[in-house]
1. Based on a Kirkwood Rh over C-alpha pairs, give the Stokes-Einstein translational diffusion coefficient of the chain at 4 °C and viscosity 1.567 mPa s in µm²/s.
2. Sum -39500 (n - 2.57) across every DSSP H segment of at least 4 residues in the chain, then divide by the residue count to get the 222 nm mean residue ellipticity, nearest 500.
3. Mind grabbing the accessible area of Lys292 for me, 1.4 Å probe, Å², rounded to tens?
4. Explain nothing, just the number: relative contact order of region 269-381, from Cα pairs under 8 Å at least 6 residues apart, as a whole percent.
5. Which one, Leu127, Leu428, Leu258, is farthest towards the positive end of the dipole of the chain when Lys and Arg carry +1 and Asp and Glu -1 on their Cβ?
6. Please tell me the relative contact order of the chain in percent, rounded to the nearest whole number, where contacts are Cα pairs under 8 Å and at least six residues apart.
7. With r as the distance between the Cβ atoms of Glu157 and Leu204 and R0 = 45 Å, compute the FRET efficiency 1/(1 + (r/R0)^6) and round to 0.05.
8. Picking from Leu296, Ile352, Val366, whose Cα lies most toward the positive end of the charge dipole for region 288-368 (charges on Cβ: Lys, Arg +1; Asp, Glu -1)?
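The values are calculated or read from the model by the stated rules, or taken from the named source; none is laboratory data. Every value quoted in this text rests on a predicted model; they were computed, and no experiment measured them. Neighbour counts are summed over all protein chains in view; Cβ atoms, including those assigned to glycine, are modelled from backbone coordinates with ideal geometry. Surface areas here come from the heavy atoms of the whole protein model, side chains and all, with no ligands, DNA or RNA. Shrake-Rupley method; radii C 1.70, N 1.55, O 1.52, S 1.80 Å.
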Amino acid sequence: MTPRSRPARSHRPVRLAGLAVLGLLAPLALAACGAGDTDAGETSGDGAGAAPLTFQVAGDPEETAVYEAIATAYNDTEPATTVDIVAVPSKGDHLALLQTSFAAGDAPEVFLLNYREYAPFVRRGALTPVQGLLERRDVDLVDYYEPPVDAFTLDGELQCMPQNVSSLVVYANTALFEEAGLDLPTDGWEVEDFVEAAGTLADLDGDVDGVYVEPSVIRVAPFAWSDGAEITDDPEEPTRLTLDDEDTRDVVDLLASLQSDGLMPTEEELAAKDADTRFMDGELAMTLSSRKSVPLFREAPTLDFDVLPLPVLGEAATILHSDAYCLSSKADDASAAADFIAFAVGPQGQSIAALGGRTVPSLISVAESGAFLNDTVEPAHSEVFLEAIDGMRATPVLAGWPQIEDLAEEYLTRIWYDATDPAEVDELLAELDERTRPLFEED
């Protein structure tokens, strides 16, 4: 590994919320966000007196502050419509609240969904496809990165409009790397170098763990793909998980060995203090996450961090992490909701999100601008996210996929922390296969 230079930067960026973000955006031209032409399937309020739009998001306060800023900017630009934010603390709470609100007939007009979660909403008729609505508002999909657009296209139509194109990366505590005498890799690294670095970092004096990789199928997937293996039997029309196939099983064993070899926090340690907090407190040298962790990590007063590409077993590979603005099929004013979505994914909305650190913009022009590629704030090497796009893949888009992921996490957690021999791992993977097969048929 060759060393990276670390450019000068401000250590503690200002918390981005509301007018603070708008001040940063003063030099930017305001994106046009007209009402557009009302068409079949759209309803339109008369401006004054129109009911506010509800926009539901999930995440830590540092994350949701970014969406508050986008809503504030839109409200200032389009005073006839008010966008109200409903912020919930976790993905589980977010999905549960959406389900209950749809059942009660008071669903938010606009809400964010990950591409791995939106198919059940499509199958239940809960979404209005956004493609035609956005095209009438001059949103051209060729201006956006292809992987998230493809991931949110189902039944031949764009269902939700992607806001980001994040990849999975390695977050590194740069002070701990320096203390261990390790250089940050500049042009990628092999898994064996990654494991060796985790061991060196774990050998530092004090209570430091080398790395954390969560027990989930979305962490196994990019390593399997890098090694030429698969997580399902058919990427296009899957019928089962293949974590028990020889090549994919090798990857599962490799990642689980990080725990059994003492390089990761134990299950008990994580129950007492989660991985993000351990990383921010200097007790964890590396952790794998998407761009969503940046606002939280920027708030840690003593943390110096940067991002590194995923290590490879063969070819460079990563997994798409992308959320999109979805439009409820029950929205009273689809036209006003589409106006807000067009603003949020346009130059101004995407710049606000990029400056807040939360997203890798799906709009190519903003992703390649100083709003995102800003080496004066952490992480200094945000280009790592963009360089990973060529090797990016998505998991299957299926109605049963969220439940498949939940079951996979349950069994991989047992493999990570409890399994003591290969035969036990075989049993767990066989049981996982048996329990998940019916879920592939739900689409």
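1. On the way: Rh = 22.6 Å.
Calculated translational D: 57 µm²/s.
2. Working: 19 runs with 178 residues, N = 443.
For the chain, the value works out to -11500 deg cm²/dmol.
3. Lys292 has an accessible surface of roughly 100 Å² with all protein chains in place.
4. On the way: 87 pairs, mean separation 30.5, N = 113.
Worked out over region 269-381, it gives 27 percent.
5. Leu127
6. On the way: 825 pairs, mean separation 120.3, N = 443.
Reported as a whole number, the value is 27 percent.
7. Numbers: r = 52 Å, r/R0 = 1.16.
With R0 = 45 Å, the Cβ-Cβ based efficiency is 0.30.
8. The residue sitting farthest along the positive end of the dipole is Leu296.
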